[in-house]
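Heads up, the thing below is written out as structure tokens.
What follows draws every value from the coordinates through simple rules; no lab data is involved. These figures come from a predicted structure and were not determined experimentally. Ideal geometry is used to build each Cβ from the backbone, glycine not excepted, and the neighbour counts take in all protein chains shown.
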């Protein structure tokens, strides 16, 4: 177990390093002078020079890379152009809302997805076809549109406005939960459809596997075989692709939060992209990458718990 | 068919290592898949190469075909040291040495009609124009017992035996001097197996080419080979003419293989069973690490001696020309006669039925 | 088993439906055409394409034309889908939006493929260090949500159509690279590439002529999915204001307006939303259709009903059970019911008796139906097959047609089974202790601790060392031979009266095989159980069985005492099989062979199934079905002397 975590951590390090390098080189990828690009066409040379200095562009790249890494390791990701606040603070401020939303989405997706997938695999015919149809549509519905419709229905038509307001968990857990319902539903639907499909395929595969015959031939009750054996085997490939599902969820959350006015990272990043606030973009990408890598680590470890073949010997 | 005494292929001290490594191991350590193997293949000869899974028999075939990287030793093919070649393999060698693999399901490209399996190599070797190559493919198909109608089929539209015939036609079309047959008939049903074995024998008769016949199945080797080499744990433990190997096996491992091999007739099976029960070592012993000093078979060997634990027996040539790597036949050991033998019920004329002309 | 089924399925497809020549793409298209849903999706996408091309003609208004006199109007005769907050016509913006959606979809996927596919091909085919480094680089995409990458690219490049394509293309190119790499890696292992190398083909030739054709299918499938996703991502970016200028008619931009105006005109959300859903759905359905058509036949959930036996027959009550028989199989016929309709027999009119403690061999080549018979006995027939007629009696009691609950008591305790491949016959993610406990708990109601104790005893009995500690191991931690011993222990757990060994030693090395066979014989004596040994191997029969039934093309052709079978075969097939066995004496001549091949299920003749390969067939052989008389199914058994008794 410890070995597994250690192994995965070691694997994650180069990944993190590569991401940081990529993030660092973002400003170098801007065509022409980044400062000019940031300030627009009518920038004065003085202003450009000032911005270049703030970006550190007047220093050699390698030196900057070193400084940037050292600062990043110490949690200093620079200062936002727009608000002049430390990037780390600005981003961490938005983290709880984004995390809440993603958590809610993944719970909805897993519960719906696994249940629908198992149901489809064990009830061939009409049930299976109905779920297949529903998942096809679910995959095609943009999360933010579904959120918009939900908000139209509940907030606008029914007037249940409080149901779509974000309350920090630390202030009011009940209110937080209430505010989470619609956003989580709209965020989770697409991922849920994805998981349902994967679960159905994996479950169908598992139910046709020889070990099912072995257990059946040994006289083990069918229900027990389905719920204990087929399901656990089916979860192996499903869990393996949860990383992808999670990434999609995080991305979608940036859009969904706009609908429900969640104070998450999406809005911050959006304004930063429009305002070319590069320190915030860099910091955001880096911190989200860290978040994803941490979550992948968690998934990998639980994958190792589920699938003995990948445990280190 | 005549087998001359010259050498077509000489393998000397061949060693192949590969990196062991599960997905999650900190360190990868090299493991010897093949450890100092030497043998010759003569023109017109079939050399059977037998062993159980993991014995390294297929790796030998693959290194001759330059599909596996050789880490030591030489492979000499008609004066050409194959191991000294660079990354590129001369086309002449590619033409002279061909292969027939086991799995009829994956040995042909599922997206190509089967005639391309023959024409593509011909094109690479600059044989004729497109029409001539198609004609050559048709001729090769005919030689392996397929018709023109088969040329434009996809592999999925052929049976296992037919796919194996295509694989043989592919090898044959280049007029090779050596074909490495890697479990070439193992996946086939008995009745198809005998058809393919006959086909291979006929082709050898008419072309004089040699086969290196790699298989786990002693029964097949017995029928098709002139000489047989037995592999165990990456090493060659015995090499002898086929009659000699089956009638008086020397190495205890060869004996255990023959004892385990099902007979062709029920007669004497109780005796064989009790013999196996006595012969079977009670203690399996720890797994022997490859490359460790000592005989790799010692923990399963009924005739194990003290020297077997400390010294790896070299392959020695005996007076009658057979070769064996066992301390029972060396200066340190005694040359013993007898020892455990397989039962008598098998072998010559064991009272089987025949289709006769009844 | 599955091989048998797929083979018979192929045979069952009517000749007209079989692909008859032509290129792979043409065949695949033909198969797509036969799927109505996929076809509808293709038609929808073609209409969409046409609408995009002719947008100016279809749109009633200029999509940018503002009209403050009718702002946020609902659907009306003038504006079929209403207007937005600047009075622009929704229908016109919707139609012009198709152009942008499709441009971005095709453009971005094109970008992604041009970058991703060569990278993946190189990494996958080259392998080694290239692959290790390259894959690490591709792992970056594991850490970055696609939309975030889109944000970053737009932050750098700015907004615009081309920028949008690049941003989205960049998101997808990693996926293409990975998929290509995975397929190339898988193909690299295929033997036909070895054959290509052995033929001396050059690397580019192998890559583009051998590997790439196998990639086109998955690539097209993936591309279709990503085109759908691209429309979704484009909508999201435009919705956020990172796409094209708000002036431009994009579906995402329209939704952005709808969100702002949701209190005043809720209808605005629906036209662009439905347009996105339908287009993405269409791309996904096309992708599914192609994937199915390319033969990536996704497994369908199996109906459980199909696993149960036939209805109880009255016959069982009429014909009394043989007193000494443990298992009686009477006239069992198993049929495959392919999806296209029709019935294909896989096992025909098989009758077989097994006595208590007897070892009976069931010998047959692949496709003979021997495994299917075993499954019929166990009530474990695969999907789409059914027991068409016949009964199975265990200890004089009919077990065909029993309910699932009743069968449960028979399975394991009455009849148990060991399959060919122990690695797939045991669940890979459960410890063997847990799996061994299942039958003990189900049949004897043992407690966890008691079951564990008994499981260890069983393991010891089948020759697994240190059984107590090995209970916590998983199947992959055992060698093939040891895993088969574990599977035997599992089958023995409920102390069955009959053990069916279905090619149980065929995958093992000879030394291991003989050990496992010897073990089975020991256990037969110890547990006083009968064994039905299903095999294709004459040697296994010779070494192990008391009596043997020979199956050919779905029928039992001969049942005989094992010595008699080898000395005096009575059916020409048995005799030919014995003669063809390459393990015979060393002869310099040719091996006797049986001409032709085993006929596929569905292509069996109505008369003797072996007649067209038989050296002794006469006119009468092909006219009518041949009955099993005096334990042999041959018209000429009386006048033929096949075996040579020595």
- So in chain C, what percent of DSSP beta bridges are antiparallel if you round to the nearest 5? 60 percent
- Helix-derived [θ] at 222 nm for the protein assembly as shown: sum -39500 (n - 2.57) over DSSP H runs of at least 4, divide by residue count, nearest 500? -15500 deg cm²/dmol
- Give me the orientation-averaged projected area of the Cα convex hull of chain C, in nm², one decimal. 40.3 nm²
- Query: With a 10 Å Cβ neighbour count serving as the proxy for reagent exposure, in which order, fewest first, do C:335, B:45, B:317, C:404 appear?
  - Reply: B:317, C:404, C:335, B:45
- What ranking, highest mean first, results for peptides B:116-123, C:354-361 when packing means the other Cβ atoms within 10 Å averaged over each residue? B:116-123, C:354-361
- Message: Just to be sure I understand: if I project the alpha-carbon convex hull of region B:9-225 onto a plane and average over all orientations, what area do I get in nm²?
- Response: 12.9 nm²
- Check: C-alpha center region A:157-210 vs C-alpha center region C:507-551, spacing in Å is 55 Å
- Task: For chain C, find the longest principal axis of its Cα atoms and tell me its angle to the long axis of helix C:36-53, 0 to 90°, nearest 10.
- Result: 20 degrees
- Taking only Cα atoms, what is the 0 to 90° angle, nearest 10, from helix A:265-274's long axis to the longest principal axis of chain A? 40 degrees
- Relative contact order [Cα under 8 Å, 6+ residues apart], chain C, whole percent: 12 percent
- Item | Peptide B:70-80 - average C-beta neighbours from other chains (10 Å radius) | 0
- In what order do A:247, C:413 fall by count of nearby beta-carbon atoms within 10 Å, going from fewest to most? C:413, A:247
- Part-to-part distance (alpha-carbon centres) for region C:387-449 and region C:461-476, which is given in Å: 21 Å
- Message: If packing is taken as the average count of other Cβ atoms within 10 Å, what order do B:84-93, C:175-184 fall into, highest mean first?
- Response: C:175-184, B:84-93
- Task: Quote the relative contact order of region C:473-537 in percent (integer), defining contacts as alpha-carbon pairs under 8 Å separated by 6+ residues.
- Result: 41 percent
- Query: Can you pull the mean other chain C-beta count within 10 Å for peptide C:594-600?
  - Reply: 4
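When all alpha-carbon pairs of the protein assembly as shown are counted, what percent fall beyond 54 Å?
Pairs farther apart than 54 Å: 33 percent.
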- Give me the angle, in degrees from 0 to 90, between the Cα long axis of helix C:161-188 and the longest principal axis of the Cα atoms of chain C, rounded to the nearest 10. 10 degrees
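Let me have the relative contact order for region A:155-241, percent, based on Cα pairs under 8 Å that are six or more residues apart.
On the way: 56 pairs, mean separation 19.5, N = 87.
Reported relative contact order: 22 percent.
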- Antiparallel bridges, percent of DSSP beta bridges restricted to the protein assembly as shown (to nearest 5): 60 percent
- Per residue of A:283-289, other chain Cβ atoms within 10 Å number on average 3
- Message: For a quick check: sort A:176, C:251, C:130 by the number of other beta carbons within 10 angstrom, fewest at the front.
- Response: C:130, A:176, C:251
